[in-house]
């Protein structure tokens, strides 16, 4: 199958491209390197060094004998995007190409506007490119569990059958996202559902939880194939950040009481979910939603698990929560759709965390402690990045 | 009360500014004249001639002795907007300043992207201006009944108490909008609800139905104070368009079976709703939603009412529906919030329609028949405007 991976240079886009290529698909990656420019802007870097995309593509060819096609450009450039889709003619488009950090979107007005413009308009351009080239191209779009917030009822997979005053309807699940970033994913979901309903687009919206892990079967074959490992307070996801804090001998920084419960997923399961979604496309006109998590855990429990697994001494530090969110809440998520397609989850385990400690220890000289404390506060419309 | 009307040069923004000024409020209008530029782009004009904003403001001063302040600029220019809000220091901001035509947003990719960018980013800039100047400034934002679509359950006022698997939560009412324009209002609602929840903004979201009518107590005092009267297939609202078609001896153009039921409101009630919302602000952190309609009617019944009232012969023509929407559906809308604040509705009546016939007849020589047939089709991503 021909698959175009938008954002194919990112933390998940790159391992996804390799996994799909390894399974025999004909893969192209498209990227504008925005993620690398955020590093430059904020003075960050991946703990694990990463090669340029051109070098990675070359390395994959040397290691596997397989070729990836490469498109360098921006989704906001609609002509470029339409040309790439027309020329590559994918059967599926996997769309990771959005600004993905909640704190980044909350820095100030410019970062909020950038995030909403980049994500929403980029995705509109993807929808129009599909509609203009071939409505049968299956859009596999990364959403986030953060679209739902923390409702007091069970979280279904994107749709909810609502009973009200004796009548019923199947409706989009009501959303309460927690940042300008999370809002963009809600906006995208609404736009794409409209495209399915009006033009007959086929779409799978993957509401992904917090991803952890750094190695996959493919990226582990050569150091030049490594993907990012972010530990800073802006782009680091929580479990990865705790692992690096433990290796550094730095306290694990939990926001508030740590009672916030989140859905988690191993990076190896993420890329497998994408493969399953691509190989089992949504129907014509179908807006299909999966909750892409394999387990749920409170942030305090994630910290305790990392601390208990680490061979040395680890402290947990409870900071004032810079975010506006509930510390304690109900959280029960339906996530059966991907299991029904065949996903066999890797659940969080000691051995997995051990392997992350090893990755972090190997590169710990690259870490900058000052980047790990939250400086972006939700309560004010202007932070200093 | 100091009130800033964004989009104060438009069909509703202008009469709103006059109504508020007439009631003793200190009013400023802000506009970038986008609505006039759509006329130039598409070769349209208001059936009733309208003066320039500067002339209108001068005429209102001559007629009433009251002054309106004037800010000319674009909400996408965040510095300009922040400066206007800082200098005028309103207690309330009434926000009409969005591209408001569903067909316009469906012309092609450029018009869809323009509409989403203009509306969503403009409103983000308004939220940030309020948050930076004073979170107590009450945002009175125009939404649309089209955010809801036509669900099979009762339409509540913005929020819905959902019972699911034995638990309950109060959630944003699930939305199913019918165009890229309607989607922008859904996006705005989510963004603004987040601003209320996170920054403590005060907001009233007015989900307005189809507006009809052209004269108000204020605009009727001098021909120079007239507001727009649109009859074309892009910007004309359905009842106004039927009135003008009747006067022209042109068949009333009903899409599909005309079974689509819509909420309606008289222009005089619209401006009164705005006054009531401003004078009774939402609480700090409250995202308050009102359904701004006074009655519901099917499109076929609206056509029949216009035809029956017109003193001459009128035909009704049923066209293939260019939109993707249900022809027959349940539609029951709660709209008690504004009544509780004191709204006394003008319901649709023969005398009202008669007065509209008179307005249309006075200017019928300005009408262009060719602009009344729908040319923009929902089913294709590229129409020729």
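Meeting the requirement of 2 or more residues that are within 14 Å of chain A (Cβ to nearest Cβ), the strands (runs of 3 or more DSSP E) wholly within segment B:275-385 are B:287-292. Scan segment A:18-44 for residues that are in a helix (DSSP H, G or I), within 19 Å of the chain's Cα centre (by Cα) and more than 14 Å from residue A:279 (Cα to Cα) and the total you get is 7.
Is it fair to say residue A:176 is closer than 30 Å to residue B:324 by Cα and within 11 Å of chain B (Cβ to nearest Cβ)? Spelling it out, residue A:176 is indeed closer than 30 Å to residue B:324 by Cα and within 11 Å of chain B (Cβ to nearest Cβ).
The set of residues from segment B:173-224 being at positive phi and buried (at least 24 other Cβ atoms within 10 Å of the Cβ) comprises just one member, B:213. For segment B:282-292, the criterion of being over 26 Å from residue B:139 (Cβ atoms) and either touching a residue at least 24 places away in the same chain (Cβ under 8 Å) or in contact with a helix residue (DSSP H, G or I) (Cβ under 8 Å, 6 or more places away or on another chain) (or both) is met by no residue. Residues that are in contact (Cβ under 8 Å) with a residue 24 or more places away in the chain and away from chain A (no Cβ under 12 Å) number at least 2 in the following strands (runs of 3 or more DSSP E) confined to segment B:63-169: B:69-72, B:92-95, B:138-144.
Checked against (1) over 26 Å from residue A:159 (Cα atoms); (2) surrounded by 19 or more Cβ atoms within 10 Å (Cβ to Cβ), residue B:147 passes all but a single condition, namely (1).
Which residues, taken from segment A:185-243, are within 14 Å of chain B (Cβ to nearest Cβ) and part of a loop (DSSP other than H, G, I, E, B)?
First pass over segment A:185-243, keeping only residues within 14 Å of chain B (Cβ to nearest Cβ): A:185-201.
A:200, A:201 - these are the residues of segment A:185-243 that are within 14 Å of chain B (Cβ to nearest Cβ) and part of a loop (DSSP other than H, G, I, E, B).
Would you mention how many residues in segment A:37-56 are touching a helix residue (DSSP H, G or I) at 6+ places or on another chain (Cβ under 7 Å) and surrounded by 13 or more Cβ atoms within 10 Å (Cβ to Cβ)? Quick ask: steps written out before the conclusion?
First pass over segment A:37-56, keeping only residues touching a helix residue (DSSP H, G or I) at 6+ places or on another chain (Cβ under 7 Å): A:38, A:44-45, A:47-48, A:51, A:55-56.
Pick out the ones that are also surrounded by 13 or more Cβ atoms within 10 Å (Cβ to Cβ) and you get A:38, A:44-45, A:47-48, A:51, A:56.
Result for segment A:37-56: 7.
Of the residues B:342, B:312, B:337, B:285, only one is under 30 Å from residue B:171 (Cα atoms) and more than 23 Å from the chain's Cα centre (by Cα); which?
On the way: B:342 fails: more than 23 Å from the chain's Cα centre (by Cα); B:312 fails: under 30 Å from residue B:171 (Cα atoms); B:337 fails: more than 23 Å from the chain's Cα centre (by Cα).
Unique residue meeting the criteria: B:285.
Which of the residues that make up segment B:356-376 are in contact with a strand residue (DSSP E or B) (Cβ under 8 Å, 6 or more places away or on another chain) and over 18 Å from residue B:310 (Cα atoms)? Residues satisfying the conditions are B:372, B:373, B:374. Answer with yes or no whether residue B:104 is surrounded by 22 or more Cβ atoms within 10 Å (Cβ to Cβ), touching a strand residue (DSSP E or B) at 6+ places or on another chain (Cβ under 9 Å) and at pLDDT 95 or above. Here the answer is no, as residue B:104 does not meet what is asked.
The values are calculated or read from the model by the stated rules, or taken from the named source; none is laboratory data. Bear in mind that the values here come from a model prediction, so they are computed numbers and not experimental data. When we count neighbours, we look across all protein chains shown, and the Cβ atoms used for this are built from the backbone with ideal geometry, even at glycine.
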